[in-house]
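Colleague: The structure under discussion is supplied below as structure tokens; questions concerning it will follow.
Laboratory data are not the source of any read-out in this text; all were calculated from the coordinates shown. Here the structure is a predicted model, which is why all the values come from computation and not from measurement. Virtual Cβ from ideal backbone geometry, glycine too; neighbours counted across all protein chains shown.
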4 protein chains.
Amino acid sequence: MISTTVILQLICPDRPGLVSELSGWVASNRGNIRHADHHTDSDAGLFLSRIEWDLDEFGLEREAIFQEIQELADRLDGKAQVNFSDERPRVAIFVSKQSHCLLDLLWRVQSKELPMDVPLIIANHAELEPLCLEFGVAYKFIPMSVDNKPAAEKNILELLSEYQIDLAVLAKFMQVLSSDFLEKFPNIINIHHSSLPAFKGAQPYHRAWERGVKLIGATAHYVTKDLDDGPIIEQTIAHVSHRDEVEDLIRKGRDTERIALARALRLHLRRQVMVYRGRTAVFQ
Amino acid sequence: MISTTVILQLICPDRPGLVSELSGWVASNRGNIRHADHHTDSDAGLFLSRIEWDLDEFGLEREAIFQEIQELADRLDGKAQVNFSDERPRVAIFVSKQSHCLLDLLWRVQSKELPMDVPLIIANHAELEPLCLEFGVAYKFIPMSVDNKPAAEKNILELLSEYQIDLAVLAKFMQVLSSDFLEKFPNIINIHHSSLPAFKGAQPYHRAWERGVKLIGATAHYVTKDLDDGPIIEQTIAHVSHRDEVEDLIRKGRDTERIALARALRLHLRRQVMVYRGRTAVFQ
Amino acid sequence: MISTTVILQLICPDRPGLVSELSGWVASNRGNIRHADHHTDSDAGLFLSRIEWDLDEFGLEREAIFQEIQELADRLDGKAQVNFSDERPRVAIFVSKQSHCLLDLLWRVQSKELPMDVPLIIANHAELEPLCLEFGVAYKFIPMSVDNKPAAEKNILELLSEYQIDLAVLAKFMQVLSSDFLEKFPNIINIHHSSLPAFKGAQPYHRAWERGVKLIGATAHYVTKDLDDGPIIEQTIAHVSHRDEVEDLIRKGRDTERIALARALRLHLRRQVMVYRGRTAVFQ
Amino acid sequence: MISTTVILQLICPDRPGLVSELSGWVASNRGNIRHADHHTDSDAGLFLSRIEWDLDEFGLEREAIFQEIQELADRLDGKAQVNFSDERPRVAIFVSKQSHCLLDLLWRVQSKELPMDVPLIIANHAELEPLCLEFGVAYKFIPMSVDNKPAAEKNILELLSEYQIDLAVLAKFMQVLSSDFLEKFPNIINIHHSSLPAFKGAQPYHRAWERGVKLIGATAHYVTKDLDDGPIIEQTIAHVSHRDEVEDLIRKGRDTERIALARALRLHLRRQVMVYRGRTAVFQ
């Protein structure tokens, strides 16, 4: 029913005529543009573009599109990525003991809010296995500690490969992945339970309570080697008062976490997020 | 320092190639596109586009741009509007007794948040004259009642003409303008003190308090003949509780009103708002 | 671990000395007050009070508390309600085809956010049975139409009685219950998918899209005979733009609905909501 | 018209019977309680109470109230503060070059939102003098630099004394006051342009832009010797995107700053804020 679209994300040095060149190429192949959004980072002299058009009636097949876009990007001295709206990335969700983000994501997949498949759950604890089995997802319980971290990460990397995983989502995983791991599998989204850059690191709600803040937040971001410093995709907040104990912050925080993570993931899956200079451009 | 841009807003029946045609025309005249944003209303089969490019180095003078864009729009069976970022529309602010929106707008003009000139205030009451004189703005006190409405409106229309006013802003004017007036001067933005369509008409805060709502709001919209039914530009809200009396709703409402009105006006002045089918497309 | 508290909610004509009288009675029985919150509706000359104290060490047993509070309320010409924090009301959730509110509530019960038991689901459609069975809840599929409404309602009332239900929650039930039903079972919370009083009745998201609003909302309220006019407990909102189709409003709305409903239910279950004059006082 | 109220704020070690003791004392003097709000910090074993009652008909004069409350506080091993709603604290506003918070506060005083008098403006720059003169406020231009700081602070302290100032508000003062100054005049509220504890110190908007956050904020707090670490009264936020340049963050931030500062100041002036353990309890 819903027709497939081609989504081009391109970043290159800015110069006049780029929008025309890109849309002209689409038009010359009889593409009907559904969305076109561009951003110029004048500070860095960069041009970012996201164009989405119908694949039906388009004059090129998928393979040919990849090829021509690659030539286009080379000519513009830029980088391009092409996706199709009917792709369903294979996503592994990493969890610990808390179920709220996991259940929320599985429900959103089921109700077609998130165009992805979740064939694999990686878990640092055993608690959430029943929930995952209900949803028919493989649950791999891999305890991770300071001692066995390299072995555990090796184990996980093998599973990611075996299950042909495209993207990992840390849904309250509560563990830090090593630089080595990230080099081998860099495509990871995390939810951190604070308004980054406030309260980086462990126990942000406890520290937020100590500080007496009136707002708590959650931040969904891409994972990089610098802990909690990756490009931010989405942030949400909730109001708190002196009446709220740490447990109340944790409870209220769960809602902000799952909303921020779900929104970020949807934006990512619909290819609305471009990463550059340690930041993101989010084309809404 | 900041270079002038050309802003094109175009609406026409949707068909493939429109983005390319528009951006191609800009490129063929050596225009460097700063922003390009498009929207397709598939329901109505309409294409809306807003493109902004640098006037410097552009191959056409202002007059020629108007002319060529008109031809383009005709060819596409659409309607186009061209503006330049260095225009400063002449705005009349209509007030009654309340100062908060008026003062807020005058301050934002002064601090360069709103690119407009305010040569004229139309007032239904005498109270705000001193404030306006401080800002060096002509203050015309024109009492309006059921009896003298046609005469008062005639008077106002003459002033709008005399002061060469482009846009009127009803900043808590508390009076309904006649259909006749709107035909003669249709370019008007109003701030209504409720989350439209809730609480249309008079005394929305009193009725919101009666109803026991937990959120109050403000709506900035273009004025049409159907009271409070015009195209919505911006809406803001504030939380209230059972502890808030009507006066508290009014007080909290003032902040939502001035924020909604200021945002809407800025969007309008930067030509980010397109009206169609009784609604707005707001290109952020 | 967590000690039980007594929660008194009292409403009576206002006069000096009421706080002292109430807290004095608690103190005279050696009660340690945890929370005390009062509100005076000067317009109506009413005093509302919510006092919560530890049951441990308190000088009266539960039965005696009920009795003495009843005498106190009579003396003050008011109405009182006493609850204990260890009560777990038996709640029936009414659903149609949409799962988001139902799943959300069941998860919050499981994770101890909502102190209630859910022994019964009343469903107008068959779709959600598997989900309910996973959570071990009885699922009663009772199709309701114009023709069979009286019979269906009779059926439901019998089930509510059989399962000893204290409270019904309409979690996107999409059916209007008759006045007769409400007289027999008046304790009902509903989630309506608009910022009431805007868009009362059917298809609020379609009408919100038609109107071109920039904010959509959800309203959790007690059900009364006048459709969508019951006392409001909680309201939430989400931002929308011209890019959002009706389906996007529905999708975004789901998050505001489940948050508003969950918050309202938690407030209700913790006895933080008092209804009076068609409105609520919510003691946070 | 509006009758005067007595406002008691008390903090003492928690034990049963405190609410009764306080409200009993009010009742024994025929006081009609308008608001009573309490908070128990179980972690610290502290009881905080705010009670407000009518002065009319009350059995004690102001002097006697102070005296009896002092005795009561001593007996409870606590600290008490008594204020009357007809007090109008004398407030000095400290400014630099930016006018938005200053103008906002002066307007709110004029429109009776803030029950205070502003007889004095302390300015680090000359720019805002005309604005202050319009409002009839003394403007003292005291340039402050590394070299002359002790002398400048001495000068300011003399002015605060001369003008009998009760409270200082740093409305974008952009200068750090010395520990010595704070010891001599500790009653100060500041507005910081970030969601503390994120982006403490200088140029928070520039650093927020660098980091690529999706939310910016403002924090109104009491000033203590540790820069930007004082007890937080109110926090507000605004959404930003990749399209926003630093100047846009600054512009959007102005609205969050003035709202946060105005709310915090109103809460402070109505004696709704109690400071303890480096945090605030805000009785709404």
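Colleague: Excluding residues on the same chain fewer than 8 positions from D:Lys154, give the aspartates and glutamates whose Cα lies under 16 Å from its Cα.
Modeller: D:Glu162, D:Asp180, D:Glu183
Colleague: Shifting gears a bit: About its Cα centre, how strong a charge dipole does chain C have in debye, to the nearest 20, once Lys and Arg get +1 and Asp and Glu get -1 at the Cβ?
Modeller: The calculated dipole for chain C is roughly 740 debye.
Colleague: Something else: Of the residues A:Val91, A:Val273, A:Val176, which exhibits the maximal mean-square fluctuation in a Gaussian network model of chain A defined by a 10 Å Cα contact cut-off?
Modeller: Greatest mean-square fluctuation among the candidates belongs to A:Val176.
Colleague: What is the Cα centroid distance between segment D:106-124 and segment A:263-284, reported in whole angstrom?
Modeller: Rounded to whole Å, the Cα centres lie 44 Å apart.
Colleague: Let me ask you something else. Along the positive direction of the dipole of chain D (beta-carbon charges: Lys, Arg +1; Asp, Glu -1; about the Cα centre), which of D:Val82, D:Ser145, D:Leu196 reaches farthest?
Modeller: The one lying farthest along the dipole's positive direction is D:Leu196.
Colleague: Further question on the same structure: Rounded, prolate or oblate: which fits segment A:104-192 when a ≥ b ≥ c are the square roots of the eigenvalues of the alpha-carbon gyration tensor, with rounded for a/c under 1.5 and prolate only if a/b beats b/c?
Modeller: It is prolate, given that a/c is not under 1.5 and a/b is the larger ratio.
Colleague: Give, as a single signed number, the net charge of other residues whose beta carbon lies under 11 Å from the beta carbon of A:Ala171, with Lys and Arg counted +1 and Asp and Glu -1.
Modeller: Numbers: positive: A:Lys172, A:Arg258; negative: A:Asp104, A:Glu257.
Net charge around A:Ala171: 0.
Colleague: Right, here's the next one. Note down the net charge around A:Ser161, summing +1 for each Lys or Arg and -1 for each Asp or Glu among other residues with Cβ under 12 Å from its Cβ. Can you show the working numbers first?
Modeller: Details: positive: A:Arg90, A:Lys154, A:Lys184; negative: A:Glu158, A:Glu162, A:Asp166.
Overall, the nearby charge balance is 0.
Colleague: Still on this model: Under the definition of partner shielding as Cβ atoms of other protein chains within 10 Å of a residue Cβ, what is the mean value for peptide D:208-220?
Modeller: Details: counts 1, 2, 3, 7, 13, 8, 16, 10, 0, 6, 0, 3, 1.
For this peptide, the per-residue mean of nearby foreign Cβ atoms is 5.
Colleague: How long, wide and thick is chain D, going by the Cα atoms along their three principal axes, in whole angstroms, largest first?
Modeller: Here the spans come out as 60, 41, 38 Å, largest first.
Colleague: Still on this structure: In percent, what relative contact order does chain B have, based on Cα pairs under 8 Å that are 6 or more apart in sequence?
Modeller: Contact order relative to length: 15 percent.
Colleague: About its Cα centre, how strong a charge dipole does segment C:5-84 have in debye, to the nearest 20, once Lys and Arg get +1 and Asp and Glu get -1 at the Cβ?
Modeller: Numbers: 7 positive and 15 negative charges, 13 e Å.
Dipole about the Cα centre, nearest 20: 60 debye.
Colleague: Under unit Cβ charges (Lys, Arg +1; Asp, Glu -1), what dipole magnitude, rounded to 20 debye, does the protein assembly as shown have relative to its Cα centre? Working shown, then result.
Modeller: Values: 132 positive and 164 negative charges, 1 e Å.
I would put it at about 0 debye.
Colleague: Past 30 Å, Cα to Cα: identify those pairs from C:Lys252/D:Lys200; A:Lys140/A:Lys225; B:Lys214/C:Lys172; A:Lys214/D:Lys214, in the order given.
Modeller: Details: C:Lys252/D:Lys200 34 Å; A:Lys140/A:Lys225 24 Å; B:Lys214/C:Lys172 21 Å; A:Lys214/D:Lys214 18 Å.
From C:Lys252/D:Lys200; A:Lys140/A:Lys225; B:Lys214/C:Lys172; A:Lys214/D:Lys214, over 30 Å: C:Lys252/D:Lys200.
Colleague: Separate question: Give, as a single signed number, the net charge of other residues whose beta carbon lies under 12 Å from the beta carbon of A:Arg30, with Lys and Arg counted +1 and Asp and Glu -1.
Modeller: After counting each charged neighbour, the total is -2.
Colleague: Could you check what % of the DSSP bridge pairs in the protein assembly as shown are antiparallel, to the nearest 5?
Modeller: Details: 154 of 218 bridges.
Rounded to the nearest five, the antiparallel share is 70 percent.
Colleague: Right, here's the next one. Once amide H atoms are built 1.01 Å from N in the peptide plane, which residues 5 or more positions from D:Phe135, or in another chain, come under 5 Å H to H?
Modeller: Correct list: empty.
Colleague: Same structure, new question: When chain B is modelled as a GNM with alpha-carbon springs shorter than 10 Å, which of B:Asn83, B:Asn124, B:Asn155 fluctuates the most?
Modeller: B:Asn155
Colleague: Then there's this: Would you mind pulling out the separation of the Cα centroids of segment A:1-61 and segment D:213-250, in Å?
Modeller: Answer, in whole Å: 36.
Colleague: Still on this structure: Which order do the peptides A:146-153, A:132-139, A:189-196, C:27-34 come out in when sorted by mean C-beta neighbours inside 10 angstrom, highest first?
Modeller: The most tightly packed comes first, giving A:189-196, C:27-34, A:132-139, A:146-153.
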